[in-house]
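The values are calculated or read from the model by the stated rules, or taken from the named source; none is laboratory data. In this text the structure is predicted, and so the values were computed from the model without any measurement. Because the Cβ atoms are built from the backbone with ideal geometry, glycine has one as well, and the counts that use them run over all protein chains shown.
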Amino acid sequence: MKRILFICFFGILAHVFFASPSYAQTVSSLELINNAKQYDGKTVTYQGEAIGDIMARGEHAWINLNDGYTAIGVWVRKNDIKDIAYLGNYRAKGDIIEVSGIFNRSCPEHGGDLDIHAREIKKIIPGGPSFSKLSVKKFYIGLSLTFIVLFLYFINFLFRDKL
């Protein structure tokens with residue numbers, strides 16, 4: 001009896017210390033789109049920048065997460081998105097969000113759209129305002145092209161009846 005208990009104890013101990021963790025691997029949008037049939041109905045972990053607008057729908061909301069390749073719509077509970085402070089646009093870098101949930105390649109609840117129904121959402125990196133300086137070189141190129149177009153328009157106006 002002692003021998004069986006000894007083997008069970010060390011078996012459990014070995015499992016706890018040497019078993020590989022079963023954390024979900026983060027998948028990219030390209031991987032989800034290209035292998036949609038494989039991931040359909042399975043729990044996935046997806047990470048990306050929150051972009052656009054939060055679109056509230058009753059007790060839930062849509063957010064779009066862009067991982068650098070493409071954006072995927074995520075259906076979340078409203079109270080799960082209260083920590084999202086910045087959404088990516090021309091003036092701000094959005095919060096980087098990690099979401100775990102059920103991937104649907106053709107969601108029957110949302111008209112057949114590809115989406116993720118979030119079960120867990122967390123902010124990985126906070127976003128913030130984005131400041132971009134005006135490039136002097138680009139300004140002068142734009143100004144020069146404007147003058148060229150105006151000059152060509154003026155020439156066309158002067159000689160339109162003579163050609």
Check: Quick one: which of VAL76, VAL16 is assigned to a strand (DSSP E or B) and either more than 22 Å from PRO108 (Cβ to Cβ) or at pLDDT 90 or above (or both)?
Finding: VAL76
Checklist line | Options ILE97, ILE116, ILE102, ILE54; residue that is in contact (Cβ under 8 Å) with a residue 24 or more places away in the chain and more than 24 Å from GLN38 (Cβ to Cβ) | finding: ILE54
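Just give me the residues in region 61-72 being more than 8 Å from the chain's Cα centre (by Cα) and either among the small types (Gly, Ala, Ser) or surrounded by fewer than 16 Cβ atoms within 10 Å (Cβ to Cβ) (or both), in sequence order.
At the first step, the residues of region 61-72 found to be more than 8 Å from the chain's Cα centre (by Cα) are 61-63, 69.
Once the filter is applied, which keeps residues that are more than 8 Å from the chain's Cα centre (by Cα) and either among the small types (Gly, Ala, Ser) or surrounded by fewer than 16 Cβ atoms within 10 Å (Cβ to Cβ) (or both), region 61-72 yields ALA61, TYR69.
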Next item on the list: Please work out if LYS123 is of a type outside the set (Gly, Ala, Ser) and in a helix (DSSP H, G or I).
Entry: no
Next item on the list: Identify the single condition in (1) in a strand (DSSP E or B); (2) surrounded by fewer than 15 Cβ atoms within 10 Å (Cβ to Cβ); (3) polar (S, T, N, Q) that SER144 does not satisfy, given that it satisfies every other one.
Entry: (1)
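Any idea which of ASN64, ASN35 is of a type in the set (S, T, N, Q), without any contact (Cβ under 8 Å) to a residue 60 or more places away in the chain and over 16 Å from GLY101 (Cα atoms)?
Values: ASN64 fails: over 16 Å from GLY101 (Cα atoms).
When all the criteria are applied, what remains is ASN35.
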Item checked: Hits in region 28-60 (condition: crowded, with 17+ Cβ neighbours inside 10 Å, over 16 Å from LYS122 (Cα atoms) and among the aliphatic types (A, V, I, L, M)) -> LEU32
Checklist line | Identity of the residue in region 79-100, modelled with pLDDT of 90 or more and polar (S, T, N, Q), that ends up surrounded by the most Cβ atoms within 10 Å (Cβ to Cβ) | finding: SER100
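Take PHE103 and tell me if it is part of a helix (DSSP H, G or I) and at pLDDT 90 or above. Walk me through it before giving the result.
Values: part of a helix (DSSP H, G or I): no; at pLDDT 90 or above: yes.
Spelling it out, it is not the case that PHE103 is part of a helix (DSSP H, G or I) and at pLDDT 90 or above.
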Margin query: Given the criteria assigned to a helix (DSSP H, G or I) and more than 30 Å from LEU32 (Cβ to Cβ), does PHE131 qualify?
Written below: no
